[in-house]
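Below: one structure, written as structure tokens.
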Amino acid sequence: MTSKPSKNHFEAALALTIHDVKNSLALFLDRVEALQARDEIAGKKYADFKYEIKRINNNLIRLLALYKVGAENFSLQSDFYYIDDFLTEIGAEYAAVLKDKGIELIIECSDGLNASLDKGLVHGVLDNALNNAARYTQSKIVLKAVQKDGFLILSVQDDGPGYPEQMLVKNQQQMDCNTDIDVSNSTTGLGIFFSQIVAGLHQANGDAGFIKMTNQGDLGGSSFSIHLPSEEALNIEL
Amino acid sequence: MNSLDMLTGSGKSGPQVSISGRQILIVDDFSDMRIAVRRMLRDLGEETADMASNGKDAIEKIRHNSYDIVLCDYNLGDGKDGQQILEEAHHMGFIKPSCIFIMITAETSMHFVLGAIECQPDDYIAKPFTKELLQHRLAKAVTKKDELMDIYKAMHKKQYADAIKIAEQQLVSKSRYTLDIAKLLGSLYLKTDNYEKASDFFQKLLAQKYMPWAKFGLGQVYYQLEDYTKAIVVFDELTAENEYYLEAYDWSAKCSLAMDDKVQAQEKLATASRISPKTVARQCELGGLAKENGELDIASSAYRSAIQYGAHSCFKSSKEYLGMNEILLEKGDTLKALSNLKEARDQLKETPADLLQVVTATADVHAGKNGKEEAQRYLEQAAKIYQENSSAIPNEASLTLAATALKLDDMKLGTAIVSSLAENNHDDDELLGDLNAMVNETGHADELSEIISSSTEELRALNKKGIQLAESGQLKESLELLEKAAEKAPNSKAFNLNTALACIMLMKKNGADDQLLFKARSHLERVEKAGKVDERYAELTKMLDALKR
């Protein structure tokens, strides 16, 4: 007896496929690291491999996340986190790739800053921004968190040439007219679309999150930021 | 500001913890993955690590080695999953409080919600990960564990009041691990029935930030305060937010049950079992509910799953087989019922309490289909198990055996069990009620009611005398008397606790003494074994610990 694949089949297939591809990526990463360890002089050439592995993984995560967000029973999985921990950890993930590429990653976050957010989704957004920055920066990337006017602002900034003017204009237009980002013909568009969705899902005190892309970063290059509505630090009294 | 070099190297804000010299276990069903993780560990300075490819192997290794770190993949194919390994190892007491258990998953949404708080891994890592990330997480987990060690140790010894005190102090002193401490503290308030404090605590947290676990805690408070409608709303919201929040389904079902809505309760447990079919206890409960709701097919499939997943785990018990037995009998399939019980006897050889119940049930089934001779044979077998393991047999099992013996007119065995039950539980009115009901139902009230009341009274009088002696300062005499009584009723909580107390009082007066220490300890252990641990038990354990120092 055979039947047409249903939505449940697709869901199961998606989950299993991702599990499987992730296993492959983990092995691939391991082999690359083993090769690199044997070949220190040419270490840099492996950075591209690692960068691509990271990109495939990020794409997978984004795909799964978008699928889930679109599902009927989706809801945000917010929990409370220390943001400095969160950023340091992302930093550790990118350490090898960036070091090999000769890029310095600077993390700026005040000690003990905390907020409620969906870590998985926001991680995906920052991955997307870091991937971009890694491609276009000259020598430095800043990953930064500040709490300001009821928002937690997470930003990724670089000292590259910045976003193309035309892209910023187009984004602005779309945001002004409240139309959807065009995702049909570029993965950059898909990344922005995903980031906007994730930001918008974070809501608190009547505010919704949003993203901002400018060329006025601390390092002179591009600056991507996600702004999430967030209260002041947690204060536990007994 | 910290640069990445500091993080991975020796910078002041980077993790400083070295992992070399630690005993590590890697669990993954993929040999390539195991090797990859081991290579990472080698790069991080740890030369050796053990490896396991499945749940059975992992638990064996955890049992025989005292690992400092376990890195376990969640998805291990057809066998046990990572959470089951953790729960079993925890349940069997194989995991020392200082052990760091890290779960490796493919998906981040499963994090934080898979199991009960005392069985949660120290951290989760999503695949694929780099050695830098692994190092970072390990270092963080080690530091956190060190910081929270005093709380964990007190919890491990079941000294919850102490654990609360430590947690409260650490919370006030603004530790870096405020959040983790808060989580533990909340669960400790709940564990010690401190609902007012718990409610206040969770509400204060939730007023500031959204944390699912705090909301879950609040739901438990509502349940305990019998506000089931409010509790259900909380639990259902949690599962709507995250379908992997399995415990929330269980609690929602508990609420429905409390409101006598068995259909709804069944529904919740069925959902949780679909998401995670391998939890034996939940499948058993689902089976029981479905049976009560008249859904025999669902009940039978739940019990079948419980049997299947229980077969190779420490969570297997007579429950699922006996549940299945009832279903098969109700369907009139005696043959299948007998073969199910045979499988149960094979599976449960090692645990006398479970085996006893299954053998008793076998005798019952034979008796029911007029196989008197066979029934006698199994009753004798059951009697033998009972006699050889009397201290390990739970009351419920003894009660059923007594009933079967009386039904089959074995008055000698029936009377012996009834009087032993009465003696051992002279302080438990509920059980004495059940016991009287049972002798009534089997038509032996005339002969046995008298035995129950006389055994009970004799022991009650002894206990009273022992306390009086102690109060008048005759500690040695008191101990002698209580000990004798405890021999007569080895499972009696009152005697075991009072005997331990008498030992402790004697030592307080005359100084610590190896023999008395041993005696006190073994009586406390009996209480623990009988599953009767309470505040008084905890208090005595603490007093005993203080004496040892």
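Rule-based calculations on the coordinates, nothing more; no lab input. Please read all numbers here as calculations on a predicted model, not as lab measurements. Every residue, glycine as well, gets a Cβ built from its backbone with ideal geometry; the counts of neighbours run over all protein chains shown.
Backbone geometry of the stretch B:160-168 corresponds, through the Karplus equation with coefficients 6.51, -1.76 and 1.60 at θ = phi - 60°, to 3J(HN,Hα) couplings of 5, 4, 5, 4, 5, 4, 4, 4, 4 Hz, x marking Gly and Pro. Of the GluC sites (Glu not before Pro) in the stretch A:51-123, the ones in a loop by DSSP (not H, G, I, E or B) with at most 12 other beta carbons within 10 Å are A:Glu72.
For the stretch A:101-140, the residues whose amide N sits under 19 Å from a probe point set 7 Å from the Cα of A:Ile236 along the beta carbon direction are A:111-117.
May I ask which residue of A:Ile83, A:Leu130, A:Ile226 lies farthest towards the positive end of the charge dipole of chain A, with charges of +1 (Lys, Arg) and -1 (Asp, Glu) on Cβ and the Cα centre as origin? Final value for the positive-end residue is A:Leu130. Sort the stretch B:299-407 into rounded, prolate or oblate with this rule: let a ≥ b ≥ c be the square roots of the eigenvalues of the Cα gyration tensor; rounded if a/c is under 1.5, and if a/c is not under 1.5, prolate when a/b is larger than b/c, oblate otherwise. Oblate, since a/c reaches 1.5 and b/c is not below a/b. Inter-chain Cβ neighbour count for A:80-92, averaged per residue, equals 5 (cutoff 10 Å, partner chain atoms only). From least to most packed, judged by other beta carbons within 10 angstrom and beginning with the fewest, B:Lys61, A:Lys7, B:Lys165 follow the order A:Lys7, B:Lys165, B:Lys61.
By the equivalent-ellipsoid construction on the alpha carbon gyration tensor, chain B comes out with semi-axes of 43, 32, 24 Å, ordered largest to smallest. For chain A, modelled as a GNM with alpha-carbon contacts under 10 angstrom, which of A:Lys148, A:Lys50, A:Lys212 fluctuates the most? The residue with the greatest mean-square fluctuation here is A:Lys148. Here B:Cys314, B:Cys99, B:Cys72 are placed in order of increasing Cβ neighbour count within 10 Å, fewest first, which gives B:Cys314, B:Cys99, B:Cys72. For the pair B:Ser522 and B:Gln224, a Förster radius of 22 Å applied to the C-beta separation gives a FRET efficiency near 0.05, rounded to the nearest 0.05.
Think of the stretch B:165-242 as a dipole: +1 on every Lys or Arg Cβ, -1 on every Asp or Glu Cβ, centred on the Cα centre; then among B:Val221, B:Asn242, B:Val172, B:Val172 lies furthest on the positive end. Rounded to the nearest 20, the Cβ-based charge dipole of the stretch B:14-145 about its Cα centre (Lys and Arg +1, Asp and Glu -1) stands at 420 debye.
Counting only DSSP beta bridges whose two residues both lie in the stretch A:71-174, roughly 65 percent are antiparallel. Averaged over peptide B:201-209, the number of partner chain Cβ atoms lying within 10 Å of each residue's Cβ comes to 4.
Under the convention that each Lys and Arg Cβ holds +1 and each Asp and Glu Cβ holds -1, the size of the dipole of the stretch A:80-229 around its Cα centre is about 220 debye. Loop sites by DSSP among the GluC sites (Glu not before Pro) of chain B, restricted to those with at most 15 other Cβ atoms within 10 angstrom, leave B:351-549 as the longest stretch without any of them.
Database remark: amide H of A:Lys140 closer than 5 angstrom to the amide H of A:Glu104, A:Asp159 (H placed geometrically; neighbours at sequence offset of 5 or more, or on other chains; Pro and chain starts carry no H).
What separates the Cα centres of the stretch B:147-208 and the stretch B:20-47 is a distance of 34 Å. Placing R0 at 35 angstrom, the Cβ-Cβ distance between B:Glu450 and B:Ser391 gives a FRET efficiency of 0.85 after rounding to 0.05. Checking the a/c ratio against 1.5 first, then a/b against b/c, what shape does the Cα gyration tensor give for the stretch A:80-229? Oblate shape, in that a/c is at least 1.5 and b/c is the bigger or equal ratio.
Remark on A:Gly217: its backbone amide H falls under 5 Å from those of A:Ser223, a criterion applied only to residues 5 or more positions apart or on other chains, H modelled at 1.01 Å from N. Once both labels are positioned 7 Å from their Cα atoms along Cα-to-Cβ, the gap between B:Lys542 and B:Glu430 label points is 2.5 nm. Averaged over the residues of peptide B:171-181, the number of Cβ atoms from other protein chains lying within 10 Å of each residue's Cβ is 3.
By counting other Cβ atoms within 10 Å of each Cβ, how are A:Phe74, A:Phe151 ranked from fewest to most?
A:Phe74, A:Phe151
Counting only DSSP beta bridges with both residues in the protein assembly as shown, the antiparallel share comes to about 55 percent. Across chain B, the relative contact order, built from alpha-carbon pairs under 8 Å that are at least six residues apart, equals 6 percent. For a test of the definition: using alpha carbon positions, the gyration tensor, and the 1.5 limit on a/c, classify the stretch B:14-145 as rounded, prolate or oblate. Taking the square roots of the gyration eigenvalues as a ≥ b ≥ c, the stretch B:14-145 is rounded.
At q = 0.17, 0.18 Å⁻¹ the log10 of I(q)/I(0) for the stretch B:128-225 amounts to -0.80, -0.86, computed by Debye summation with a single uniform scatterer per C-alpha, solvent ignored. Taking amide H as placed 1.01 Å from N in the peptide plane, B:Ile104 has its amide H under 5 Å from the amide H of B:Cys72, B:Asp73, B:Tyr74, B:Ile125, each at least 5 places away in sequence or on another chain. Counting only DSSP H runs of at least 4 residues, each contributing -39500 (n - 2.57), and dividing by the residue count of the protein assembly as shown, the helix-based mean residue ellipticity at 222 nm comes to -21000 deg cm²/dmol.
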